[in-house]
1. In the list 15, 7, which residue meets the criterion of being modelled with pLDDT of 95 or more and surrounded by fewer than 17 Cβ atoms within 10 Å (Cβ to Cβ)?
2. Given the structure, is residue 25 among the aromatic types (Phe, Trp, Tyr), modelled with pLDDT of 95 or more, over 14 Å from residue 127 (Cα atoms) and buried (at least 18 other Cβ atoms within 10 Å of the Cβ)?
3. Looking only at residues in segment 87-128 that are touching a strand residue (DSSP E or B) at 6+ places or on another chain (Cβ under 9 Å) and of a type in the set (Asp, Glu), which one is least open to solvent (accessible area, probe 1.4 Å)?
Amino acid sequence: MPLTSGQQLALDQIQALHERSDGAFEYVQHEESAYGKDEEKKWLTVHFSVACRNMPREEEGLPLRDREGFIVYISPHFPFKVPEIHSAHTRFAGFPHVQFMDQLCLYQSPSTEWNPNEGMIGFIERLD
């Protein structure tokens, strides 16, 4: 099943981030998957990693490694539906804004904080 125009936009933005990040953001791979409640249309699943070596550390903050892997699930309705992001591990379980052991909550109120015009660029900036 082909990607929706919104999913293709998201993938294009992710690949552009990869190309211009000088290694700080690394796009790894993507695939389509049945995720969420809308199984008639496939979700886009994207694997990427982010360099964290130079990020400031807090004593009680997330135990960041030099590079962290993430998985983002992009709805067929992107950019009008906020993507979901998960860490590629469960080391962040129990920290604030981490749900279900690995799902990161970037927007406390997606209906007011998510701006579809910012797309994946704004989403990844929010993660940063």
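1. Numbers: 7 fails: surrounded by fewer than 17 Cβ atoms within 10 Å (Cβ to Cβ).
Every option except 15 fails the conditions.
2. Numbers: among the aromatic types (Phe, Trp, Tyr): yes; modelled with pLDDT of 95 or more: yes; over 14 Å from residue 127 (Cα atoms): no; buried (at least 18 other Cβ atoms within 10 Å of the Cβ): yes.
Taking the combined requirement at face value, the residue does not satisfy it.
3. Among those residues, the one meeting the criterion is 102.
The values are calculated or read from the model by the stated rules, or taken from the named source; none is laboratory data. As the structure is a computational prediction, the values presented were derived from the model and not from experiment. Neighbour counts are summed over all protein chains in view; Cβ atoms, including those assigned to glycine, are modelled from backbone coordinates with ideal geometry. These accessible areas exclude ligands, DNA and RNA; they are computed on the full protein's heavy atoms, side chains included. Shrake-Rupley method; radii C 1.70, N 1.55, O 1.52, S 1.80 Å.
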